[in-house]
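In what follows, a structure is listed as structure tokens, so that the remarks can point back to it.
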Amino acid sequence: MAKDVIIALDFSGYDEVISFLDRFTGRKPYVKIGMELYYSCGPRIVEELKKRGHSIFLDLKLHDIPNTVRKSMKVLAGLGVDMCNVHASGTIPMMEAALEGLEEGRQGKRPLLIAVTQLTSTSQEIMERDLLIDKPIDEVVSHYAMNAKTAGLDGIVCSPLESEKVHKTCGEKFLTVTPGIRFAGSETQDQKRIMTPEKARQAGSDYIVVGRPITAADDPVEAYNRCINEFLSIKI
Ligand code: C5P
């Protein structure tokens, strides 16, 4: 069920992010900090955006041995992020260790933990050639989603086209966080499997992650409000 719109802050500099967010004087958007921004600015970007009242999805996609992931997640939970993620290919013991780390480091509520299944850049052909996985890719994605559920995670990142199937397999409460969102009739850029915010709501996405349709819009606040209106069916 539709919960919120997350803006992907795909900027590399601190000042750029702050001046972008300064435009949002009403509803404070939920934001996604990716690797580029986090590696260029460090934890202070999280601290600053928390101070400004934003909920934060820290998209660092951890994948390492369980002990390292557990200790790293403890640090990230200590920053007060609201959502973070790991690669499901790190296996069930690694995902369980990630959850333990979040429990150990949490400040109040435990951050939500989401798994990346197969990256959308991985095709069937590449998966077979480089990873020696010869099952159909949608079966691999469903299997990884079930592994994430077994490990106790809260959900997965997937295309909005897959939300319904994931909910059928893993249950309605298992969260689907879906990028690949475009307004009707707009540029798709490099995204292939897209949906409008309204269609994503109808498909059962829990959170939509929206980058360029908001960050590159002439009026980002208006584009964000449009996403909220369409996805959450509320007028702001
Ligand atoms: O600009 P756009 O709306 O395409 O941005 C989507 C965001 O979601 C980007 O930060 C991108 O890295 C992220 N993402 C994605 N597809 C995935 C996982 C993450 O587009 N499978």
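Whenever a residue of the stretch 91-105 is modelled with pLDDT of 95 or more, its partners that are in a helix (DSSP H, G or I) and surrounded by fewer than 17 Cβ atoms within 10 Å (Cβ to Cβ), lying with C-beta atoms within less than 7 angstrom and at least six residues away or across chains, give the pairs Ile92/Thr150; Ala97/Asn67; Gly101/Lys71; Gly105/Val75; Gly105/Gly78. A count restricted to the stretch 161-182 and to residues that are in contact with a Lys or Arg (Cβ under 7 Å, 6 or more places away or on another chain) and either β-branched (Val, Ile, Thr) or more than 20 Å from Met94 (Cα to Cα) (or both) stands at 2.
Out of all the residues in the stretch 166-178, is one or more among the aromatic types (Phe, Trp, Tyr) and either within 16 Å of the ligand (Cβ to nearest atom) or assigned to a helix (DSSP H, G or I) (or both)? Within the stretch 166-178 (the criterion being among the aromatic types (Phe, Trp, Tyr) and either within 16 Å of the ligand (Cβ to nearest atom) or assigned to a helix (DSSP H, G or I) (or both)), the answer is no, since none of the residues qualifies. Hey, does the stretch 66-79 have a residue that's in a loop (DSSP other than H, G, I, E, B) and either out of contact with any helix residue (DSSP H, G or I) (no Cβ under 7 Å at 6 or more places or on another chain) or at positive phi (or both)? No: the stretch 66-79 contains no residue that is in a loop (DSSP other than H, G, I, E, B) and either out of contact with any helix residue (DSSP H, G or I) (no Cβ under 7 Å at 6 or more places or on another chain) or at positive phi (or both). The sole residue among Ala151, Ala145, Ala115 that is touching a Ser or Thr at 6+ places or on another chain (Cβ under 8 Å) and at pLDDT 95 or above is Ala145.
Within the bounds of the stretch 149-159, is there any residue that is over 18 Å from Ala88 (Cβ atoms) and either of a type in the set (Ser, Thr, Tyr) or more than 17 Å from the chain's Cα centre (by Cα) (or both)? Looking through the stretch 149-159, none of the residues is over 18 Å from Ala88 (Cβ atoms) and either of a type in the set (Ser, Thr, Tyr) or more than 17 Å from the chain's Cα centre (by Cα) (or both). Within the stretch 179-188, the set of residues being among the hydrophobic types (A, V, I, L, M, F, W, C) and away from the ligand (no atom under 11 Å from the Cβ) comprises just one member, Ala184.
Could you tell me which of the residues Gln191, Gln202 is farther than 22 Å from Leu112 by Cα and near the ligand (Cβ under 10 Å from one of its atoms)? Exactly one residue qualifies, and that residue is Gln191. Does Ala148 count as in contact with a strand residue (DSSP E or B) (Cβ under 8 Å, 6 or more places away or on another chain), surrounded by 15 or more Cβ atoms within 10 Å (Cβ to Cβ) and either of a type outside the set (Phe, Trp, Tyr) or not in a helix (DSSP H, G or I) (or both)? So Ala148 fits the description; yes.
The values are calculated or read from the model by the stated rules, or taken from the named source; none is laboratory data. Fair warning: this is a prediction, and the values are worked out from it, not measured in the lab. Note that each Cβ is placed from the backbone with ideal geometry, even for glycine, and that neighbours are counted across all protein chains shown.
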